[in-house]
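The values are calculated or read from the model by the stated rules, or taken from the named source; none is laboratory data. No experiment lies behind these values; they were computed from the predicted model shown. With ideal geometry, Cβ positions are generated from the backbone for all residues, glycine too; neighbour counts draw on all protein chains shown.
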Amino acid sequence: MSAPAAANPAAEALGVAVAARVPVLLWGAPGTGKTSAIRAMAQAMGLPCETVIASIREPSDFAGLPIVAGGQVRFAPPAWARRLAEAGRGLLFLDELSTAPPAVQAALLRVVLERAVGDLTLPDEVAVVAAANPPEQAADGWDLTAPLANRLCHLSWQAHPRAVADGLAGGWAPPVVPALPDGWQADEILCRGLVAAFLHVRPALACVPPSDPASAGRGWPSPRTWEMAARLMAAAGAAAASDDARFALVRGAVGEGAGVEFLTWLAEMDLPDPEHVLADPASFRLPERGDRAYAALAAIAAAVAADPTPQRWAAGWQALGLAADAAPDVAAVAARVLARCRPDGAALPAEIRLFAPVLRDAGLLHG
């Protein structure tokens, strides 16, 4: 059953991205409430929020100011970064990102991806959120460089008339950041398997660098953003987010074209539930279509890797054994995943001999 539509999918998607600690950028016209929504969200979470206006900063404000100490050059972080590090958590809000010149954007690369500011690394509990106006609506706007855009999930922020009316009458509700349950990252393995299955069918979409400045400044498919999409899918599932929010997150990570194609492919899969397969592996029937077969086996292997008990590990090999004759190449990919997550003390199942040459070549089986 599909999740209900969200009143504001961008706000819901923003909350999921912050919960998953995936850097996110809100695109929207001036005056549509991006800045106030982000600050209200931080206040509602009780998080310290450091607002940095990218357009009035120098590269050294992000790369660190070089100083000589003890005969060595260090890159001293600015005060806002030190405050976040001392707090151990918080929200770094990069406002007016599309008015930052290319040199500042280059300095932001490590900040956004690695949370590195000079010689200081921000804690993992610091979320990175940015806001920008489209270049044609920004004062002295610039297109985002492709490397910086590739490090962010891009969301379109719009002022919905009813939300504006309700906000004026009763106050503005901040975006909600869901509390993700413990162990939610295990679902990321399954989502990665689904992405891998899709790229097995559409390898041309694995990495598509943009060909013009306008598209370079938004989401585009690369190994980094496909990994980001898998993490966001897992977080959206754990948060029981609406389909609209989940779709926005995937499209925001890998771009509109690749995102729509992946989501359409996913909707048409109708895959067997991997948990049902592991509970009764003898009942598994490999789908006839090649991409569905790949996705089904990848999902089974990913489910075992997420919780590799001896019983689940053995059941996974049993399911792969049933597929070895019909789709040996596809089953071999899943076999490598299972071989890497062998539980301590688990006996080698009989089915493993079907994949022995492949596993030996990969260094995963000896003797």
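Of all the criteria given as (1) surrounded by fewer than 22 Cβ atoms within 10 Å (Cβ to Cβ); (2) among the β-branched types (V, I, T); (3) more than 19 Å from D187 (Cα to Cα), the one not satisfied by T309 is (3).
Quick one: is L47 within 23 Å of the chain's Cα centre (by Cα), closer than 22 Å to A10 by Cβ and assigned to a strand (DSSP E or B)? For L47, the condition - within 23 Å of the chain's Cα centre (by Cα), closer than 22 Å to A10 by Cβ and assigned to a strand (DSSP E or B) - is not met. All of A40, A100 fail the test of being more than 21 Å from the chain's Cα centre (by Cα) and within 18 Å of L155 (Cβ to Cβ), apart from A40. Restricting attention to segment 334-362 and to residues that are more than 31 Å from the chain's Cα centre (by Cα) and outside any helix (DSSP H, G or I), the residue that is farthest from I300 (Cα to Cα) turns out to be G345.
Looking across A107, A100, A149, A79, one residue alone is in contact with a Phe, Trp or Tyr (Cβ under 9 Å, 6 or more places away or on another chain), farther than 26 Å from T32 by Cα and at pLDDT below 95. It is A107. Screening segment 199-229 for residues that are among the basic types (K, R) and within 16 Å of the chain's Cα centre (by Cα) and picking the one that is modelled with the highest pLDDT gives R224.
Within segment 189-215, residues that are over 23 Å from A305 (Cα atoms) sit with their Cβ atoms under 6 Å from residues that are among the charged types (D, E, K, R) and crowded, with 18+ Cβ neighbours inside 10 Å, at 6+ positions apart or across chains, in these pairs: P213/D143.
Looking at V304, is it modelled with pLDDT under 85 and not in a loop (DSSP other than H, G, I, E, B)?
On the way: modelled with pLDDT under 85: no; not in a loop (DSSP other than H, G, I, E, B): yes.
No.
Yes or no: P30 modelled with pLDDT under 90, not hydrophobic (A, V, I, L, M, F, W, C) and not in a strand (DSSP E or B)? Yes: the conditions hold for P30.
Looking at P77, P59, P123, P147, can you tell me which residue is crowded, with 21+ Cβ neighbours inside 10 Å and not aliphatic (A, V, I, L, M)?
So the residue among P77, P59, P123, P147 that is crowded, with 21+ Cβ neighbours inside 10 Å and not aliphatic (A, V, I, L, M) is P77.
Scanning segment 207-230 for residues that are touching an Asp or Glu at 6+ places or on another chain (Cβ under 9 Å) and buried (at least 23 other Cβ atoms within 10 Å of the Cβ) yields a total of 2. Do we have E288 as in contact with a Phe, Trp or Tyr (Cβ under 9 Å, 6 or more places away or on another chain) and either surrounded by fewer than 22 Cβ atoms within 10 Å (Cβ to Cβ) or assigned by TED's automatic domain parsing to the domain that holds L249 (or both) here? Answer is no for this residue. Being out of contact with any helix residue (DSSP H, G or I) (no Cβ under 6 Å at 6 or more places or on another chain), more than 26 Å from W265 (Cβ to Cβ) and at pLDDT 90 or above is true for just one of P310, P343, P357. Which residue is that? Residue meeting the stated conditions: P310. Could you list, in sequence order, all residues of segment 318-347 that are touching a Pro at 6+ places or on another chain (Cβ under 6 Å) and surrounded by 20 or more Cβ atoms within 10 Å (Cβ to Cβ)? Selection gives A319 alone.
Restricting to segment 86-99, name every residue that is touching a residue at least 40 places away in the same chain (Cβ under 8 Å) and either outside any loop (DSSP other than H, G, I, E, B) or in contact with a Leu (Cβ under 7 Å, 6 or more places away or on another chain) (or both). Give the steps one after another, and end with the answer.
Taking segment 86-99 first, the residues touching a residue at least 40 places away in the same chain (Cβ under 8 Å) are 89-99.
Matches in segment 86-99: R89, G90, L91, L92, F93, L94, D95, L97, S98, T99.
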